[in-house]
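Input: a single structure, listed below in structure tokens.
The values are calculated or read from the model by the stated rules, or taken from the named source; none is laboratory data. Remember, it's a predicted structure, so these values are computed and weren't measured experimentally. FYI the Cβ positions are ideal-geometry reconstructions off the backbone, even for glycines, and counts take in every protein chain you see. Just so you know, the surface numbers come from the protein's heavy atoms only, side chains and all, with ligands and any DNA or RNA stripped out. Shrake-Rupley method; radii C 1.70, N 1.55, O 1.52, S 1.80 Å.
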Amino acid sequence: MNYLATLTPVAAEIFLLVMVCAILIADLFVTNPNKTLTYLLVQLTLLGCSVITVATHQSGVTHLFHNMFVDDLMSDVLKLLSYLALSMALVYSRNYLMVRGLFSGEFMVLALFALLGMMVMISASHFLTLYLGLELLSLSLYAMVALQRDSVSATEAAMKYFILGALASGMLLYGMSMLYGATGTLEVAAVSDAIKGGVQNPQLLVLGLVFVVSGLAFKLGAVPFHMWVPDVYHGAPTAVTMLIGTAPKLAAFAFVMRILVESMQPLVAHWSDMLAILAVLSMALGNISAIAQTNLKRMLAYSTIAHMGFMLIGVLSGGVEGYGSAMFYAVVYVLMSLGGFGMIMLLSREGFEADTLNDFKGLNQRSPWLAFIMLLLMLSMAGIPPTVGFYAKFSVLSAAVNAGHIPLVVLAVLFSLIGAFYYLRIVKLMYFDAPESHAPISIQPDSGLLISANGLAVLALGILPGTLMSVCSVSVRQSLLLH
């Protein structure tokens, strides 16, 4: 019984794995092409994971499996947000995938396996566990991008993603092996202790850190490791693009926290400089390249690169304020991306992808409510008050000012002004241009309700951001034992 009690912190992961196996078998007997039963089982699984995560939450930090796995407030909050993000993504994707013949049991099972990888990443406190979670997530996403086998662009995107992802994983492993060689351990906390105690070969340590940061930058899509982002976002089916661009960013944030903040904190002088360069390059290239795009998915891809630059500013600012604002930014970015990609899928129909800027021309004449929701999402992405995107950028920049990174803040504001152009261009197209198509917009009731809630949440959280911000700050403080 004592052994079973020690498994309580991983109850959600065990439940998810069991349900994935059950859904895989149950789907064989589902003859309905709409896969309604499979879809409901997946949503119930996500609900069950949420209930278990809340029910098994313990105050403080709990380590198990010989310090390879950690259960703390930050991991529980990020897991709950990941369940919510995946559930929303499936609601948005359902009709879009059905008319394209892609709404299959395989798609949903791969999505759940990707979620399991994220959960392992979020709770890892050992380099091997981190890597296993990362590979489970990555392999699931590679397969999902390639799921549309008769599409040349999807196959090409999957190949690029797979090859560059393998390269980044190799760099990450190489860096971890150097850190192991320098410190003699792979445990996150033990690596930090070993560095504080002094190592025989500090050059090897710093070289390992460079490789690890390079691998992390690839997973975040930061410049100069961003090559895959526009091509994969553009080539993959929009439903898969949404999955790549939303919940995994929460796991990537946890990955950065576990490796850089918990494990490499004694080397903060080295990695904060590296993050500053990555942040500036990402904001510059992301915002400037996005202006030239005519495809909305490519534009959102470059926008993602710029947003990751902002999140990195929060991380390098340090302290509860910096890490809390970075976590808040990651959560807000996921919420905005879900709405943005959700809108593309809701406006798409059989044989037609609404993924170019011209497809949004005159949207206000076709559907004033959807145009209003898209307006809120674009204002939030641009960081214009009173939306939550403004508060997210403000909190990150405040932390950077307090940490003394004034030049970085000035550059961030300048690039943010450049970025406002391409978001406001969509608002101009929706409200001031004549529509190119007058085809009726038919939306399922659940998707319509969700996109409305998504857009209004962006506004509500901008007016009242305190609760979410305090949850992020408290979870970071308790989990990383900061004062």
>> Give me the percent of accessible area attributable to carbon and sulfur for the range 1-153, probe 1.4 angstrom.
In response: 71 percent
> If r is the Cβ-Cβ distance from L417 to Q203 and R0 is 41 Å, what FRET efficiency results, to the nearest 0.05?
Replying inline: 0.50
> For a label point 7 angstrom out from the Cα of V210 toward its Cβ, which stretches of the range 265-293 have the backbone nitrogen within less than 13 Å?
Replying inline: 271, 274
>> Compute, for the range 359-483, the length of the dipole vector about the Cα centre, with Cβ point charges of +1 (Lys, Arg) and -1 (Asp, Glu) only. Units Debye, rounded to 20.
In response: 240 debye
> Label points 7 Å out from Cα along the Cβ direction at Q43 and K160: separation in nm?
Replying inline: 3.4 nm
>> Where in the chain is the longest stretch that carries no chymotrypsin sites (Phe, Trp or Tyr not before Pro) classed as loop by DSSP and with at most 16 other Cβ atoms within 10 Å?
In response: 66-483
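Suppose the chain between Q265 and D193 were pulled fully straight at 0.36 nm per residue; how much longer would it get relative to their current alpha carbon spacing?
Additional length available on full extension: 24.9 nm.
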>> Checking the cross-link filter: which lysines have an alpha carbon closer than 29 Å to that of K35, excluding same-chain neighbours under 8 positions apart?
In response: K79, K249, K297
> If you plug each phi of the range 380-390 into the Karplus form 6.51 cos²θ - 1.76 cosθ + 1.60 with θ = phi - 60°, what whole-Hz ³J(HN,Hα) values come out, in order, with x for Gly and Pro?
Replying inline: 5, 5, 6, x, 9, x, x, 7, 6, x, 5
> Tell me, which longest segment in the chain has none of the GluC sites (Glu not before Pro) that fall in DSSP loops with at most 16 further Cβ atoms within 10 Å?
Replying inline: 1-349
> What is the range 207-363 by shape, rounded, prolate or oblate, if you read a ≥ b ≥ c off the alpha carbon gyration tensor as root eigenvalues and call it rounded for a/c under 1.5, prolate for a/b larger than b/c, and oblate otherwise?
Replying inline: prolate
> Given +1 on the Cβ of Lys and Arg, -1 on the Cβ of Asp and Glu, and no further charges, what dipole in debye does the chain carry about its Cα centre, rounded to the nearest 20?
Replying inline: 600 debye
>> If I stretch the segment between K428 and L7 completely, what's the gain in nm (0.36 nm per residue apart, minus their alpha carbon distance), one decimal?
In response: 146.2 nm
>> Per residue, how much accessible surface does the chain expose to a 1.4 Å probe? Answer in Å², no decimals.
In response: 37 Å²
> Stokes-Einstein at 20 °C, 1.002 mPa s, Kirkwood radius from Cα pairs: D for the range 62-184 in µm² s⁻¹?
Replying inline: 132 µm²/s
>> Relative to 2.2 N^0.38 Å, what does the C-alpha radius of gyration of the range 402-483 come to as a ratio? Two decimals please.
In response: 1.68
>> Explain nothing, just the number: dipole magnitude of the range 1-109 about its Cα centre with +1 on each Lys and Arg Cβ and -1 on each Asp and Glu Cβ, in debye rounded to the nearest 20.
In response: 380 debye
